[in-house]
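Peer 1: I am attaching a structure below and will ask some questions about it afterwards.
The values are calculated or read from the model by the stated rules, or taken from the named source; none is laboratory data. Values in this document were obtained by computation on a predicted structure and should not be read as measured data. Don't worry about glycine lacking a Cβ; one is built from the backbone with ideal geometry, like all the others, and counts go over all protein chains shown. Ligands, DNA and RNA are stripped out before the accessible areas are found, and what is left, the full protein with its side chains, is counted by its heavy atoms. Shrake-Rupley method; radii C 1.70, N 1.55, O 1.52, S 1.80 Å.
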Amino acid sequence: DVRPLFQSMPLLLIFLVAALTMRMWSEERRMGTIEFLMTLPVTPLQLVLGKFLACMILLGVALLLTLPLPVTVSFLGVLDWGPVFGAYVAALFLGASYIAIGLFVSSRNDSQIVSLILTVLVCLGFYLLGSDQLASLFSQRTGEWLQSLSTGVRFDAITRGILDVRDIYYYLSLVGVFLTLNVLGLEKQRWSTGSAPRQHHKLWYAVIGVAIANLVVGNVWLSQVKTLRADLTTSQIYSISGATRQTLARLEEPLLIRGYFSAKTHPLLAPLVPQLRDLLKEYAVVGEGRVRVEFIDPQLDPELEDEANTKYNIKPVPFQVSDKYQASLVNSYFNVLLSYGDQFEVLGFRDLIEVKEQAEMDIEVRLRNPEY
């Protein structure tokens with residue numbers, strides 16, 4: 001896969017977009033050409049959309065230049081193009097929301113440097129809302145609400161191969177809100193010349209307020225819609241069966257699914273960890289609050305490791321790893337715990353993976369169907 005290409009994309013786009021938008025309006029204000037723009041036979045909306053589309057074209061060119069990377073990977077192995085397509089779609093929508101924020105900030109400042117810094121801070125704020133460090137400071141419900149406002153969390157959901165209408169609309173609502181504020185800011189430039197009556201000002205504020213309110217409320221309404229999702233993967237690995245959905249719907253108390261994964265493990269198991277994480281997250285989505293999914297590294301927390309060893313009889317497995325310099329043994333966890341009431345079941349790595357020999361000295365390690 002090419003997920004490492006997109007893991008840092010939300011942060012990189014912040015600085016790229018901030019550099020693209022910092023002078024879009026600030027330079028017009030500093031040079032005094034914004035007054036000239038106001039006299040042209042174009043509306044503020046047309047001016048804003050022109051700036052926005054110009055930045056989007058540059059962003060599209062920047063993303064296009066990364067396309068040789070997945071193409072090269074597809075020649076090296078079997079590449080699932082579904083998540084790659086989803087990642088590029090997510091990057092475009094994420095970049096569009098950052099551009100809208102950057103244009104609004106630039107329209108409020110005469111200095112390019114101030115616009116750059118403020119754009120980075122605002123976009124970074126939206127990105128960090130979903131960080132685990134911030135969410136851990138609040139209750140689980142508040143943490144989930146903060147993550148729903150995070151541009152990074154929604155980006156990760158799309159890049160793993162799930163295209164959700166709620167995620168796309170969230171980015172579009174950010175674009176709509178900040179472009180609307182940008183249009184209002186330009187229109188107020190005309191008001192300063194006294195060309196518009198006071199009643200006209202109130203109408204503008206009312207229209208802008210209603211538009212922004214509808215964009216925000218749309219997210220609240222769509223948050224209840226959980227079926228408008230598309231599994232972009234070739235094997236439909238994130239499509240939970242109807243039987244599983246019915247089972248989860250009948251749960252009478254919360255079900256805990258906890259993954260025990262060590263940071264250092266066998267090289268053949270390491271690529272399977274993020275795959276299994278993504279698959280388990282789908283149960284939390286389908287469970288609609290009845291399923292809690294956690295991931296821990298017991299070797300980083302002695303108390304959790306003691307609980308895993310004594311209460312659930314989860315033990316690390318010694319794996320032999322070697323490179324061209326030395327061979328060694330690594331004790332690693334690769335387990336999934338399912339706890340429901342006073343009952344629990346533990347799946348070890350032998351339950352979760354299957355090994356196939358492709359040649360005399362070549363083996364392939366794949367995940368079994370964890371749903372089954």
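Peer 1: Highest GNM mean-square fluctuation, the chain, Cα pairs closer than 10 Å: which of GLU303, GLU294, GLU35?
Peer 2: GLU303
Peer 1: Using Cα pairs closer than 8 Å and at least 6 residues apart in sequence, work out the relative contact order for the stretch 68-171, in percent.
Peer 2: Values: 89 pairs, mean separation 35.3, N = 104.
For the stretch 68-171, the relative contact order is 34 percent.
Peer 1: P(r) tail for the chain, what percent of Cα pairs lie past 28 Å? Spell out each step's value before the answer.
Peer 2: Numbers: 38527 of 69006 pairs.
Of all Cα-Cα pairs in the chain, 56 percent lie more than 28 Å apart.
Peer 1: Here is a further query. Please build a GNM for the chain, connecting alpha carbons under 10 Å apart, and tell me which residue among ASP278, ASP301, ASP80 fluctuates the most.
Peer 2: Most flexible of the set in this elastic network: ASP301.
Peer 1: Hey, another quick one. Using a 1.4 angstrom probe and counting only protein chains, how large is the accessible area of TYR238 in Å², to 10?
Peer 2: Spelled out: TYR238, probe radius 1.4 Å, area about 20 Å².
Peer 1: With everything on Cα atoms, drop me the angle between helix 44-64 and the longest principal axis of the chain, reported from 0 to 90° to the nearest 10.
Peer 2: 30
Peer 1: Just the accessible area per residue of the chain, please: how many Å² with a 1.4 Å probe?
Peer 2: Values: 20820 Å² over 372 residues.
On a per-residue basis, the chain sits at 56 Å².
Peer 1: Taking only Cα atoms and a 10 Å spring cutoff, compute GNM fluctuations for the chain and point out the largest among ASN309, ASN214, ASN335.
Peer 2: Checking each option, the largest mean-square fluctuation is seen for ASN309.
Peer 1: At 0.36 nm per residue, minus the direct Cα-Cα distance, what do ALA213 and GLU357 gain on full extension? Give it in nm, one decimal, please. Write down the numbers at each step before the final one.
Peer 2: On the way: separation 144, 0.36 × 144 = 51.84 nm, distance 5.83 nm.
Computed gain between ALA213 and GLU357 is 46.0 nm.
Peer 1: Just by accessible area at a 1.4 angstrom probe, what is the order of ILE113, ILE158, ILE168 from largest to smallest?
Peer 2: On the way: ILE113 100, ILE158 0, ILE168 30 Å².
Listed by decreasing accessible area, they come as ILE113, ILE168, ILE158.
Peer 1: Tell me the angle of helix 198-222 to the major Cα principal axis of the chain, expressed in degrees between 0 and 90 and rounded to the nearest ten.
Peer 2: 10
Peer 1: Using protein chains only and a probe of 1.4 angstrom, how many square angstrom of VAL285 are accessible, to the nearest 10?
Peer 2: About 50 Å², ignoring ligands and nucleic acids.
Peer 1: Any idea how far apart ALA54 and LEU92 come out in nm if each label point goes 7 Å out from Cα toward Cβ?
Peer 2: 2.2
Peer 1: Further, regarding this structure: So what's the stretch 1-122 giving for Rg/Rh, alpha carbon basis, Kirkwood Rh from the mean inverse pair distance?
Peer 2: Working: Rg = 17.2 Å, Rh = 15.7 Å.
Ratio of gyration radius to Kirkwood radius for the stretch 1-122: 1.09.
Peer 1: Continuing with the same structure: Which distance in Å, rounded to a whole number, links the C-alpha centroids of the stretch 216-265 and the stretch 1-68?
Peer 2: 35
Peer 1: Next up: If you line up the long axis of helix 9-21 against the longest principal axis of the chain, both from Cα atoms, how many degrees apart are they, to the nearest 10?
Peer 2: The helix 9-21 is inclined about 10 degrees to the chain.
Peer 1: What part of the accessible area of the stretch 149-258, given as a whole %, is carbon or sulfur when the probe is 1.4 angstrom? Spell out each step's value before the answer.
Peer 2: Values: 3600 of 5790 Å².
It is 62 percent, rounded to a whole number.
Peer 1: Based on DSSP, what percent of beta bridges with both residues in the chain are antiparallel, to the nearest 5?
Peer 2: Details: 27 of 33 bridges.
Of all bridge pairs located within the chain, approximately 80 percent are antiparallel.
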